[in-house]
Amino acid sequence: MTIAFQVNGKLRDTATVAKGTTREDLEAMARASENVRRILDGAEPKKVIVVPDRLVNLVA
């Protein structure tokens with residue numbers, strides 16, 4: 001499955017993962033993404049929204 005990684009609701013990256021990947025693993029993948037890290041610029045997200053098998057949205 002293709003998962004979208006968003007920062008403040010804007011698409012920043014995607015990843016292909018197995019269906020049923022845990023929320024924690026999806027969040028870790030999003031935080032590890034180079035594009036997401038560049039946009040966050042070291043800031044800690046205020047909120048993390050994970051929709052399983054669809055997307056991860058980090059609200060800065």
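The values are calculated or read from the model by the stated rules, or taken from the named source; none is laboratory data. Computed from a predicted model, the values in this text were never measured in an experiment. Neighbour counts are summed over all protein chains in view; Cβ atoms, including those assigned to glycine, are modelled from backbone coordinates with ideal geometry. For the accessible areas, the whole protein counts, side chains as well, though only heavy atoms, and no ligand, DNA or RNA atoms are used. Shrake-Rupley method; radii C 1.70, N 1.55, O 1.52, S 1.80 Å.
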Out of everything in region 44-60 that is open to solvent by less than 50 Å² (accessible area, probe 1.4 Å) and not β-branched (Val, Ile, Thr), what residue ends up being nearest to residue 21 (Cα to Cα)?
53
Could you tell me which numbered condition residue 24 fails, if it satisfies all but one of (1) in contact (Cβ under 8 Å) with a residue 40 or more places away in the chain; (2) open to solvent by 40 Å² or more (accessible area, probe 1.4 Å)?
(1)
Can residue 43 be described as modelled with pLDDT of 95 or more and of a type in the set (A, V, I, L, M, F, W, C)?
no
Positions within region 8-26 being touching a helix residue (DSSP H, G or I) at 6+ places or on another chain (Cβ under 9 Å) and in a loop (DSSP other than H, G, I, E, B), in sequence order:
8, 17, 21
Has region 27-48 got any residue that is of a type in the set (Val, Ile, Thr), in contact with an Asp or Glu (Cβ under 9 Å, 6 or more places away or on another chain), touching a residue at least 40 places away in the same chain (Cβ under 8 Å) and assigned to a strand (DSSP E or B)?
no
Are any residues in region 1-22 at pLDDT 95 or above and of a type in the set (A, V, I, L, M), and if so, which ones?
3, 4, 7, 11, 15, 17, 18
Considering residues that are in contact (Cβ under 8 Å) with a residue 24 or more places away in the chain and either more than 11 Å from the chain's Cα centre (by Cα) or open to solvent by 20 Å² or more (accessible area, probe 1.4 Å) (or both), the number found within region 5-20 is 6
I'm trying to understand the selection: among the residues of region 21-60, which are polar (S, T, N, Q) and under 11 Å from residue 6 (Cα atoms)?
33, 35, 57
